[in-house]
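The values are calculated or read from the model by the stated rules, or taken from the named source; none is laboratory data. Computed from a prediction, not measured in an experiment: that's the story for all the values here. Glycine gets a Cβ as well: all are built from the backbone with ideal geometry, and neighbour counts include every protein chain shown.
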Amino acid sequence: MTGPLPILVVGGGIGGLAVALTLARVGIRVDVFERAPEFSIVGAGIQLGPNAVRVLADLGVAASLASRASSPTALAVYDGAGGLCLTRMPLGASIAARCGEPYWTVHRADLHQALLTAAERNPAISIRMNAAPTTIDTSARDSIGITFADGAIAAGAALIGADGIWSRARDVVAPDFVPAHSGYCAYRTVLPIERAGDLDTTVVGAWLSPRAHVVHYPVLAGCALNVVVIVREPWSGDQWNTPAQATTIMRAVAPFAPGLRDALGLAREWHTWSLPQPILLERWHRGRIALVGDAAHAMLPFFAQGAAMALEDATALAVALVAFPDDLVSAFEHYHASRFRRVARVQSASIRNGRIFHLSGPLAMARNAVLQVTPAAILATQFDWLYAYGRAETEAL
Ligand SMILES: Cc1cc2nc3c(=O)[nH]c(=O)nc-3n(C[C@H](O)[C@H](O)[C@H](O)COP(=O)(O)OP(=O)(O)OC[C@H]3O[C@@H](n4cnc5c(N)ncnc54)[C@H](O)[C@@H]3O)c2cc1C
């Protein structure tokens, strides 16, 4: 489909590996270039709604991930200060029956490893580590070139930028765009399940309060509880794994109910990262380059859809390249057109969730009242547009 040249993928994270697998599946050779010298266990939990699990199932990766995944029974929303459970929206069997796939929570390292194992086994995919482009050469008519710090070069029919929030490939597609920090930080820990105290370890728990919110859910096949505390804070490092002091976190959760505070007080170590301002580029491609995942549309984690959107992008890209095998520009236009409105809707929903989570005073009381009086099953169906998505798209491959 792309002739003798492979497609070059810059970035071997969730989006990059998913792109490699979807493209290999439709007969395209892919060379992946990852900046890190090796993949290590960095990061913590990631939620995978049925829309994300559907992509993994189609790639044959869900089966190998299943034993490491948890299926929370509900999304339990708590009033942060009082600890009152405001609603329990059913997940578990209920969402799987409605949306066609389960709702999973996993450790990012498990998800990444499952994608990596599948990619390494695929003869159409090569992965090069320690390989960040120093230049991207767009001057040739029929190909694109990358140069690396050691002088090596690579040529491809196209380049897919899957290099995350601080994307280098994006500099070519949207040279005027400057990423920024959002003013939120995420503190996270992974608690052994026996240290979770009174927390309900079978649910995705979301504790709301005006200055911070806390989300927890099971990971590592239910052996541990991933906890994330999101606070407004100007710190702006760009690493995923900066160690944080427990005293900082305990100060941030001081307004929360004792049951939550007690469990968080048992955590042995905390890490932090600074959340970027949401990104939604108008343009996702230029010439022979297209962007996927966070490079094009990084999100605040208030709707838990960052990884899911990268996975969906991968499917959409493969669909577009199959539809326009000899016309890269039309393929990339089709890809962008098929994704933009959905990603924009998810992006807005995520920003809106952030506002709702952090309401204070009478507005917070009104929010709590609505959550308490609305039947949980009705609340849950409001997200079917999000989670049932993807059946038609993946069937097209
Ligand atoms: C180490 C790490 C830990 C994370 N932990 C969490 C977490 O705990 N919870 C959560 O919700 N999200 C986490 N994320 C973010 C989450 O994975 C993404 O938001 C989501 O999966 C979208 O995926 P993506 O492929 O667009 O970006 P990412 O998954 O961020 O992948 C980008 C990849 O590109 C590589 N890269 C960056 N620049 C270059 C370059 N110039 N050349 C070559 N390669 C490059 C990066 O090393 C990375 O492997 C983490 C991301 C990373 C990289």
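Here are some notes:
- Test: residue in region 323-342 that is outside any helix (DSSP H, G or I) and aromatic (F, W, Y): yes
- Matching entry among L115, L91 (being farther than 25 Å from R367 by Cβ and of a type outside the set (K, R)): L115
- Test: V106 is within 14 Å of the ligand (Cβ to nearest atom) and not in a strand (DSSP E or B): no
- Flag for I127 being under 23 Å from the mean Cα position of the chain (by Cα), assigned to a strand (DSSP E or B) and closer than 25 Å to V26 by Cβ: yes
- Residue check for W240: more than 30 Å from D262 (Cβ to Cβ), touching a residue at least 24 places away in the same chain (Cβ under 8 Å), within 17 Å of the chain's Cα centre (by Cα) and surrounded by fewer than 21 Cβ atoms within 10 Å (Cβ to Cβ): no
- All conditions in (1) within 14 Å of the ligand (Cβ to nearest atom); (2) surrounded by fewer than 24 Cβ atoms within 10 Å (Cβ to Cβ) hold for S338, with the sole exception of (1).
- Residue that is farthest from the ligand (Cβ to nearest atom) [pool: residues in region 156-188 that are in a strand (DSSP E or B) and modelled with pLDDT of 95 or more]: A158
- Going through (1) within 16 Å of the ligand (Cβ to nearest atom); (2) touching a residue at least 40 places away in the same chain (Cβ under 8 Å) one by one, S143 falls short only on (1).
- Some residue of region 50-64 being crowded, with 17+ Cβ neighbours inside 10 Å, within 16 Å of the ligand (Cβ to nearest atom), under 26 Å from D262 (Cα atoms) and not basic (K, R): no
- When we screen A154, A119 for residues that are touching a residue at least 60 places away in the same chain (Cβ under 8 Å) and in contact with an Asp or Glu (Cβ under 7 Å, 6 or more places away or on another chain), the only hit is A154.
- Spans of strands (runs of 3 or more DSSP E) in region 204-296 with at least 2 residues farther than 30 Å from I7 by Cα and either within 16 Å of the ligand (Cβ to nearest atom) or among the small types (G, A, S) (or both): 204-208, 212-219, 224-232, 242-244, 270-276
- Considering region 10-31, and only residues there that are more than 9 Å from the ligand (Cβ to nearest atom) and among the β-branched types (V, I, T), the residue that is nearest to the chain's Cα centre (by Cα) turns out to be T22.
- Every pair of residues 6+ apart whose Cβ atoms lie under 6 Å, when the first sits in region 10-26 and is polar (S, T, N, Q) while the second is away from the ligand (no atom under 11 Å from the Cβ): T22/T315; T22/A318
- Segments classed as helices (runs of 4 or more DSSP H), wholly inside region 1-84, with at least 1 members that are over 27 Å from V343 (Cβ atoms) and small (G, A, S): 62-65
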